[in-house]
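The values are calculated or read from the model by the stated rules, or taken from the named source; none is laboratory data. In this text the structure is predicted, and so the values were computed from the model without any measurement. Cβ sites come from the backbone with ideal geometry, for glycine too, and all protein chains shown count toward neighbours. Side chains included, ligands, DNA and RNA excluded: accessible areas come from the protein's heavy atoms. Shrake-Rupley method; radii C 1.70, N 1.55, O 1.52, S 1.80 Å.
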Amino acid sequence: MCLAVPMEVLNIDGNRAWVSAGGTKREVRLDVIDQRPHIGDYVIVHAGFAIHRIDQEMAKETLKMFEEMFSNEAPG
Amino acid sequence: MKHLDEYRDRELAQRIIERIHASSKKGIRIMEVCGTHTVSIFRNGIRDVLPSNIALISGPGCPVCVTATEEIDKSIKLSREHDVIITTFGDLMRVPGSKSSLQKEKANGADIRVVYSVSDAIKIASNNPQKRVVFLGIGFETTAPTIAAAVLEAKSEGIKNFFVLVLHKLIPPAMEALLSGGDLKIDGFMCPGHVTSIIGASSYVPVTQRYHIPCVVAGFEPIDILQAIYMLVEQLEEGQAQVEIQYKRGVTFEGNKNAMAIMERVFDRCDTVWRGLGVISKSGFKLKVQYREFAAEDSFDLSIPKAKEHPGCMCGEILRGVVTPAECPLFRRTCNPGHPVGPCMVSSEGTCAAYYKYQA
Amino acid sequence: MRLRKILLDHGGGGKASHDLIKETFLPQFNNPFLMELDDSAVFKVGKARLAFSTDSYVVEPIFFPGGDIGSLAIYGTINDLAMRGARPLYLSVGFIIEEGFDLSDLERILSSMKDAANKSQVLVVTGDTKVVSKGSVDKLFINTSGIGIIETNINISGQNAQIGDKVIISGTIGDHGIAVLSQREGLELEYPLKSDSAPLNKLVFEMLEASSNIHALRDPTRGGIGTSLNEIAVQSHVGIRIFEETIPIKEEVVGACELLGLDPLYVANEGKLLAFVDPHDVNKVLDKMRANEYGGEAQVIGEVVADHKGKVAMVTRIGGTRIVDMLTGDQLPRIC
């Protein structure tokens with residue numbers, strides 16, 4: 001299951017943070033996240049809790065993987 | 001990067017689809033274990049773009065759909081206590097018990113409130129000290145840590161009128177149970193991204209090794225799912241069976257140690273009943289001794305007449321891919337989207353519900 | 001024995017609502033005007049063709065960003081009349097008010113209704129007020145009925161969509177539903193999202209001036225465009241194909257839908273319309289719409305097809321096709 005969405009961290013207050021997705025903001029809790037996020041980081045939010053801090057490098061790697069996958073193909 | 005639109009790009013999708021068509025030779029059956037994958041596959045029309053030799057099979061679905069009749073009956077019994085407010089995720093409202101559902105009980109006057117987070121339930125408990133607030137703790141490993149955190153909060157804040165009916169279910173034991181039946185016609189698993197954010201991709205290593213079946217952990221955007229299918233195709237064409245992570249931005253091999261520790265602190269593992277699949281060993285949670293004050297089953301009388309699982313329901317076989325919905329004696333007769341019996345019909349995108357709606 | 005009770009689903013505008021109407025209401029009131037199952041009934045009185053419609057308003061919260069229950073009650077009925085091509089003229093309003101309701105809130109609502117009626121050039125000509133004991137209703141409910149007149153050459157109905165017609169939406173979808181829901185779910189929106197609650201009679205009037213080949217109109221309120229498109233597909237015995245990429249939607253509506261697990265196709269609108277227009281006239285109609293304050297973001301989102309009669313299909317962003325079904329009832333926030 002488990003509907004969860006990437007949201008940007010706007011500010012952090014102890015165990016809570018305000019996060020935003022496309023201008024929709026909500027307060028979430030940081031109790032269960034493993035790496036404490038910084039402002040500007042993206043976290044994956046499920047049912048009012050941040051469950052994972054998105055590793056920007058890993059995200060870039062996935063996108064790079066696509067580039068490499070298709071780099072030896074003619075466009076189109 | 002907002003980690004959303006990048007994974008919805010039409011051109012990129014087309015190129016991955018072409019790749020899949022070019023590489024996929026064998027007839028293969030891939031099970032998506034997670035209900036959220038099922039919904040995304042449906043909403044994005046992914047079945048429609050795959051070659052005909054690739055079949056996507058919907059797995060045990062969402063944790064809600066597999067909530068047993070008996071568990072719904074207990075929730076309904078709780079909702080009938082005069083001083084109780086039931087708090088629940090919206091998903092559970094329409095799931096049928098033996099005779100009723102939470103939605104119908106609400107129509108009869110029960111105080112049942114849909115919340116977005118267990119934190120909302122704690123707030124309701126604080127605001128209604130004269131009431132007893134019961135949260136229905138459904139969900140897989142993604143949700144269970146949030147409920148555990150709420151129990152810890154209630155303990156440290158000394159909240160006395162908050163209770164949880166723990167109904168959590170765990171994914172790897174269910175995959176094992178499906179596979180150990182021996183007749184499972186599945187060649188590869190698309191594993192649930194957000195469950196794996198918590199438990200780590202390493203959790204699937206025993207399954208791949210024991211049953212020689214590839215597992216790819218996938219995200220939920222269309223590009224994620226297509227790429228995961230491509231990775232599974234590659235493994236299957238080459239006869240490999242490994243655990244791979246497609247959803248690298250959301251998942252690690254080790255998982256979220258903090259969340260796992262919180263679950264360990266609050267819950268013990270126990271056997272639990274899955275709708276349509278029966279009892280699966282060590283596939284559920286119960287509150288540990290030191291948190292029993294929050295256990296709904298300890299504070300309320302939850303004895304109910306033995307719930308009748310419908311004897312004809314073939315959801316177990318349908319999930320294993322052994323029979324099609326049309327072969328189930330209940331399909332379209334006793335069991336339909338308005339009056340679902342098993343999890344495959346309860347979930348609006350479950351195998352039976354989809355079959356009912358789209359294969360007229 | 002199944003429990004025979006009314007559930008919230010029966011009021012959600014989806015399949016449960018339609019079944020209730022078909023199985024419980026229609027057998028009692030079977031007549032050709034009602035059987036059209038359109039937004040308003042159309043009949044002749046003397047030489048005049050009149051449209052007649054009624055609707056009840058129970059929105060919670062009663063004040064929301066971009067509107068309130070009062071203006072909504074005026075615009076909703078005006079729009080139901082306009083969807084038959086009628087020029088709305090006269091309205092009735094009925095109030096059911098809970099004992100203890102704040103008089104200043106009532107005044108605020110009435111003032112908003114007055115402004116709404118002025119803006120859309122209709123007169124409230126009759127009304128009724130009932131007060132019930134505390135707890136019998138939630139704050140206040142409003143019913144409005146309306147009468148409008150239809151020019152002789154106009155024949156617009158949900159039954160008239162033609163194969164080949166283009167489907168136009170007048171603007172972004174889901175604004176009302178998310179504006180109201182965000183109040184209830186503790187969401188905060190960066191650019192406070194307003195309900196799109198608006199009168200569409202002037203927009204319709206201008207569209208009709210531009211083309212005499214507008215076949216069907218519908219305002220996709222409860223149940224969203226997903227439900228309205230299904231209704232038209234069934235009423236007109238046609239298939240409808242829409243294209244996901246072309247559907248206008250605000251970023252914060254997408255964000256809120258992701259967060260709460262909702263499909264924006266089924267989220268309510270209160271100031272939008274779907275138009276089924278002959279392909280030759282589409283550009284003329286679009287130009288007119290885009291010049292109107294309530295049609296600035298009008299888009300062609302699909303077409304009427306001969307395949308899959310009675311069903312709606314959507315070509316997704318990645319080029320796949322999915323069925324857009326009618327939902328059983330209201331969408332609930334979900335976690336999976």
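Quick rundown of the values:
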read-out	value
Listed residue pairs exceeding 19 Å between alpha carbons, taken from C:15/C:139; B:104/C:139; A:25/B:2; B:99/B:131	C:15/C:139; B:104/C:139; B:99/B:131
Cα-Cα pairs of segment B:46-165 separated by more than 26 Å (percent)	28 percent
Residues whose placed amide H lies under 5 Å from that of residue B:253, excluding near-sequence neighbours	B:201
Helix-only CD estimate at 222 nm, as mean residue ellipticity for chain B, using -39500 (n - 2.57) per DSSP H run (n ≥ 4)	-10500 deg cm²/dmol
At least 40 Å² of accessible area lost relative to the chain alone, listed for segment B:311-360 with a 1.4 Å probe	B:339, B:357, B:358
As computed over chain C, the Cα convex hull volume per residue (Å³)	160 Å³
Backbone HN-Hα couplings from phi across segment B:91-107 [Karplus 6.51/-1.76/1.60, Hz, Gly and Pro as x]	3, 7, 4, 9, 6, x, x, 5, 10, 8, 9, 4, 4, 5, 5, 4, 4
Note, ³J(HN,Hα) from phi for segment A:18-24, Karplus 6.51, -1.76, 1.60, rounded to Hz, x at Gly and Pro	8, 10, 9, 10, x, x, 8
Heavy-atom accessible surface that A and B bury in contact, both chains counted, 1.4 Å, Å² to 100	3700 Å²
Charge-dipole axis of segment C:8-150 as Lys and Arg at +1 and Asp and Glu at -1 on Cβ define it, positive-most pick from C:35, C:11, C:131	C:35
Simple Cβ-charge dipole of the protein assembly as shown, Lys/Arg +1 and Asp/Glu -1, about Cα centre, in debye nearest 20	1720 debye
Within 10 Å of each Cβ in A:36-47, the average number of Cβ atoms from other chains	4
Heavy-atom accessible area, 1.4 Å probe, ligands and nucleic acids excluded: residues of segment C:253-294 down by at least 40 Å² from chain alone	C:258, C:259
Per residue accessible area of the protein assembly as shown, 1.4 Å probe, in Å²	40 Å²
Under 5 Å, built H, 5+ apart or other chain: amide partners of residue B:34	B:59
Span-rule helices in chain C, defined as complete DSSP H runs reaching 20 Å or more along the axis (Cα) with Kyte mean at least -1.0	C:103-119
For residue B:282, residues with placed amide H under 5 Å, excluding near neighbours	B:271, B:272
Shielding by partners - mean other protein chain Cβ count within 10 Å, residues of C:317-330	6
Within straight-line cross-link reach of residue B:155, aspartates and glutamates at Cα separation under 14 Å, skipping those fewer than 8 residues along the same chain	B:293
DSSP-defined beta bridges in chain C - what % are antiparallel, rounded to 5	80 percent
Helix B:10-23 axis, angle to chain B major axis (alpha carbon atoms, nearest 10°)	60 degrees
Rounded to 10°, Cα long-axis angle of helix B:171-180 versus longest principal axis of chain B	60 degrees
As computed over segment A:5-71, the Cα convex hull volume per residue (Å³)	92 Å³
Of all accessible heavy-atom area on the protein assembly as shown, the percent that carbon and sulfur account for (1.4 Å)	51 percent
Chain C: most fluctuating residue of C:122, C:282, C:315 per GNM, C-alpha cutoff 10 Å	C:315
Cross-link pairs B:74/B:282; B:160/C:5; B:74/B:169 - those with Cα-Cα distance over 26 Å	B:160/C:5
Residue-wise HN-Hα coupling along segment B:346-355, computed from phi with Karplus coefficients 6.51, -1.76, 1.60 (Hz; x: Gly, Pro)	4, 6, 5, 10, x, 3, 6, 5, 5, 4
Peptide-level mean, for B:82-90, of C-beta atoms on other protein chains within 10 Å	2
Antiparallel content of DSSP bridges confined to the protein assembly as shown, in %, to 5	65 percent
Where only alpha carbons of the protein assembly as shown are counted, the Rg and the Dmax (Å)	26.5, 82
